[in-house]
1. Quote the FRET efficiency, to the nearest 0.05, computed for Arg181 versus Gln35 with a Förster distance R0 of 25 Å and r equal to the Cβ-Cβ distance.
2. Please list 142-150, 237-245, 51-59 highest first by mean number of surrounding beta-carbon atoms within 10 Å per residue.
3. At a 10 angstrom cut-off on C-beta neighbours, averaged per residue, how do the peptides 100-108, 173-181 rank from highest to lowest?
4. Send over the semi-axes of the chain's equivalent ellipsoid, whole angstrom and largest first, taken as the square roots of 5 times the C-alpha gyration tensor eigenvalues.
5. Using all alpha carbons of the range 142-286, what is the percent of pairwise distances in each 10 Å bin, ordered from the shortest bin to the longest?
6. Calculate for the chain the 222 nm mean residue ellipticity that helices alone would give, adding -39,500 (n - 2.57) per DSSP H run of length 4 or more and normalising by residue count, nearest 500 deg cm²/dmol.
7. If we count every other residue with Cβ under 15 angstrom of Arg165's Cβ, Lys/Arg +1 and Asp/Glu -1, where does the sum land?
8. For the range 1-116, what are Rg and Dmax over the alpha carbons, in angstrom?
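Throughout, read-outs are computed from the coordinates displayed, never taken from laboratory work. Here the structure is a predicted model, which means the values were calculated and not measured. Positions of Cβ are generated from backbone atoms using ideal geometry, with glycine treated the same way; all protein chains shown enter the neighbour counts.
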Amino acid sequence: MQRLFITGGTGYLGRALVRHASMLGQRVAASNYCQSPPDDQSVTWLGLDIRDQDAVSQACEVLRPDVVIHTAFRQSGPDLWAVTAEGAQHVARAAQACGARLIHMSSDVIFDGERMVAYTEADQPSPITAYGEAKAAAERFVAESHSEAVIVRTSLIYGFNPIDRQTQFVLDLADGKRDERLFRDEYRCPIWVADLAAALLELAQHDYRGILNIAGGECLSRYEFGILLAQANGRDPTRITSGLSAESSTRRPRNCALDIRRASNLLRTPLRGVRAVLTDQKLLIA
Ligand SMILES: NC(=O)c1ccc[n+]([C@@H]2O[C@H](COP(=O)([O-])OP(=O)(O)OC[C@H]3O[C@@H](n4cnc5c(N)ncnc54)[C@H](OP(=O)(O)O)[C@@H]3O)[C@@H](O)[C@H]2O)c1
């Protein structure tokens, strides 16, 4: 049985991974940072700050994982670089030193989003935001520090149990708690969190190495996605208003569509698009 170590086990994806891996009967260890871990006796929890190389190395030496799935990160704030870029390097070095397979979570926002077609695994990062720069640096550091790392580029992660940040934002718009527009020229391939967790756990058992795009099989604008999320959660979609990316005060990547043909051929887990997920959940309103 594989020993898994999930960094960021208290995060949105991390929690789903811990839940799925435990359900599959795998031996799971996970790290938390500010949040308290859930009271689950079947999981070994470890408080860890990934900015601390010695602490990360020690964690891997103690846990002796077969596979590390690195999800911990910061999207913004003063420790963005230290956590997201340097922290990923610390995790990669520690995983390499203890002989563990490494799956590092990256993002579609490493691209500038100016392409007309979907990005493949061969495309070079071209970040235009501080977060994108930190994630692009993390990819470089991971590739330099771990000879067999898998770098998974993914898109917006959503789910309803519990509700993710993106969906909550849309519900707040629909409920009149916020007043912002969703861009109709900003494209993403959102992925259902359970699909992503299942794909990553399948990948953990695989021998694939290098970059792999794992995202949902449907490219949508943030506005189209918002309408579907609002409808699926019983809200009035006419409360959602649209705008153009150029209206934003900061430059944002527009088309971050990811080409998922390689992952779809490699993995059995279906990488469903949003409408397919909502149809399966009986939540798609015609
Ligand atoms: N969410 C998306 O739509 C999306 C899209 C593309 C890519 N991704 C990538 O997917 C991964 C997971 O994203 P997510 O949204 O699930 O994350 P999240 O919910 O924001 O969780 C972040 C995790 O990082 C941990 N963390 C923060 N600072 C830390 C530190 N200094 N040391 C150790 N752990 C620390 C947090 O621990 P505490 O909560 O205990 O403090 C938490 O468990 C990330 O790598 C992200 O770049 C996400």
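1. Using R0 = 25 Å, I get an efficiency of 0.20.
2. By packing density, highest mean first, the sequence is 142-150, 51-59, 237-245.
3. 100-108, 173-181
4. So the equivalent ellipsoid measures 30, 21, 18 Å along its semi-axes.
5. Each 10 Å bin holds this share of Cα pairs: 11, 38, 32, 15, 4, 0.
6. Helix contribution divided over all residues of the chain: -10000 deg cm²/dmol.
7. Overall, the nearby charge balance is +3.
8. Values for the range 1-116 (Cα only, Rg and Dmax): 14.2, 48 Å.
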